[in-house]
DNA sequence: AGCCTTGTATGATATATATCACATATACGA
DNA sequence: TCGTATATGTGATATATATCATACAAGGCT
């Protein structure tokens, strides 16, 4: 791949990702020089919980899930990230390790930028540092809400939450091809895959939401939001 | 209160709080000038979720809980903080609002430092900024573990977790006067106060942990840790 | 085309935990 | 000292959700 092409793919990320927008032309040059692309198939681990953060991951295309792993226990799916996102992590300025795994959930291109460069940019570019920390804060606040949802809501409410999250934050349409299977929906909603099936059936029977194989359709957004608030 | 006395109370905080240690003498002077103390009785709100972060709170004496509030739902007790801690918050560089409430759980002296000063220190003192962000990251990682504990463990495991947290992080002794009532233990462990009573009775019957009124005694640390890992 | 694996659905049952009702203790003010 | 409020304990029952067993469907491979 020549420089021009690289410039092209990166320019997309720069446009969509507020973190990159804080960088000067020279700084971006430097990032170009210390980055590399890799393409992952669905289900492949992009970064493993516990491993050192040698490079920071930026999603170029595809989708990835952030999961909390615990030996002998089911995974906890924290969130789904879409392009173009620089995946910040709270361990970056502590133990320099990943505290969750990043796993692709469809064909995904990830860009790896050397952490050394990121640290240098941190020292030099105050605005970049600020946005970086803001991003970590955002994920923290997101987590507070995940906590609330999982603790306070019943199964239907939690599934409604998942669907609304995917609709609003990821796919943006009432109709979408879902990239999470039933088990992953379960891991996001803190329930079993069997219960996911049952709740999905209820939602379909009531004409609120239809998930047939991987084709999702929100039939009644108002009721879905009501169920998410619920009861 | 004269300058000498103020200097004395503050010097304690400076010794115990890594955040303050990053400041120069001049910077500390400036903090002194833009701070004020208030004493809170047990149960009083030190900072309210949703309100603007005009001042950053540093606990001087006493204990406080950080709680997630949700209208019409029970509170979620995120953690307990002890002196001397500068209570950082993920909203500080986002919407500048508290995303949890800070509530005293015993007679507590809190020191309020103007956020304007904190922001200035941020620009000038890189090390201070670094430690600040580290602290936010630490709370984030703590939250991941809270997530795991609440999702993966049964009631006994969750109560054992609470006790071990209080023992290791807060009181440091096998014997301690607990400042959380049964409801607060329930809010920390995601269960009802009735269930807390029942589990505490079991732990007492098995000679593992005794909580009589507010006097807590860990009788068998090994078994308690085993229950926390559990099963 | 048939076979095997993997994902999904669904019913019967088990189980953890909440809820409700009440009892007891402890603190607190008149 | 009493009476009232508040925190805690305990039992009986209800309920949400998991588990287990099995069936069905859809792809991929030979």
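What follows is calculated from the coordinates using simple rules that are stated; it is not laboratory data. Worth saying up front: this structure is predicted, and the values here are computed from it rather than measured. In this analysis, Cβ positions are derived from the backbone assuming ideal geometry, glycine residues included, and neighbour counts consider all displayed protein chains.
With its label point put 7 Å out from Cα toward Cβ, residue A:142 sits 2.2 nm from the same residue's point in the other copies, in order from shortest. Peptide A:128-141 has a mean of 5 when you count, residue by residue, the C-beta atoms of other protein chains within 10 Å of its C-beta. The residues A:38, A:212, A:70, A:88, when put in order of fewest to most other Cβ atoms within 10 Å, stand as A:212, A:38, A:70, A:88. Panel order for A:39, B:84, by other beta carbons found within 10 Å of each beta carbon, from fewest to most: A:39, B:84.
Sequence-distant contacts, meaning Cα pairs under 8 Å at least 6 residues apart, place the relative contact order of the stretch B:10-150 at 33 percent. Of the residues A:182, A:198, A:146, the one that moves most in a GNM of chain A with alpha-carbon contacts below 10 Å is A:198.
Just so you know, the Cα atoms of chain B work out to an Rg and Dmax of 18.9, 57 Å.
In the protein assembly as shown, helical runs assigned H by DSSP with n ≥ 4 each contribute -39500 (n - 2.57); averaged across all residues and rounded to the nearest 500, the mean residue ellipticity at 222 nm is -14000 deg cm²/dmol.
Take every DSSP beta bridge whose two residues both sit in chain A; close to 100 percent of them are antiparallel. Label-to-label distance, residue A:95 versus residue A:36, with points set 7 angstrom from Cα along the beta-carbon direction: 2.7 nm. Annotation: the residues A:196, B:31, sorted from fewest to most other C-beta atoms within 10 Å of their own C-beta, follow the order B:31, A:196.
Looking at the square roots a ≥ b ≥ c of the eigenvalues of the Cα gyration tensor of the protein assembly as shown, which shape do they give, rounded for a/c under 1.5, prolate if a/b is larger than b/c, or oblate? Oblate shape, in that a/c is at least 1.5 and b/c is the bigger or equal ratio. Ranked from shortest, the separations from the 7 Å Cα-to-Cβ label point of residue B:181 to its equivalents in the other copies are 4.9 nm. Our note on the geometry: Cα centres of the stretch B:181-203 and the stretch A:63-139, 36 Å apart.
Ignore the peptide's own chain and count Cβ atoms of other chains within 10 Å of each Cβ in B:71-82; give me the average, rounded. Could you put the intermediate results ahead of the total?
Details: counts 0, 1, 4, 2, 0, 5, 0, 2, 0, 0, 0, 0.
That works out to 1 on average.
Under a no-solvent Debye model with one identical scatterer per Cα of the stretch A:101-198, what's log10 I(q)/I(0) at q = 0.17, 0.22 Å⁻¹? So the normalised log intensities work out to -0.95, -1.21.
Computed from label points 7 Å out along Cα-Cβ, the spacing between residue B:116 and residue B:138 is 2.9 nm.
Cα axis of helix B:126-152 to longest principal axis of chain B: angle in degrees, 0 to 90, nearest 10? It is inclined by approximately 20 degrees. Mean-square fluctuations from a GNM of chain A, with a 10 angstrom spring cutoff on Cα atoms, peak among A:51, A:101, A:213 at A:213.
Scattering from the stretch B:153-230 was approximated by placing one identical point on each alpha carbon and applying the Debye formula without solvent; log10 I(q)/I(0) at 0.12, 0.27 1/Å stands at -0.26, -1.62. Axis of helix B:3-16 versus longest Cα principal axis of chain B: the two differ by about 50°, to the nearest ten degrees. Copy-to-copy label distances for residue A:12, where each label lies 7 Å from Cα along Cα-to-Cβ, are 5.9 nm in order of increasing length. Placing a label point 7 Å from the Cα of residue B:127 along the Cα-to-Cβ direction, the residues of the stretch A:123-144 whose backbone N falls under 19 Å from that point are A:123-124.
Projected label points at residue A:18 and residue A:214, each 7 Å from Cα along the beta carbon direction, are separated by 3.1 nanometres.
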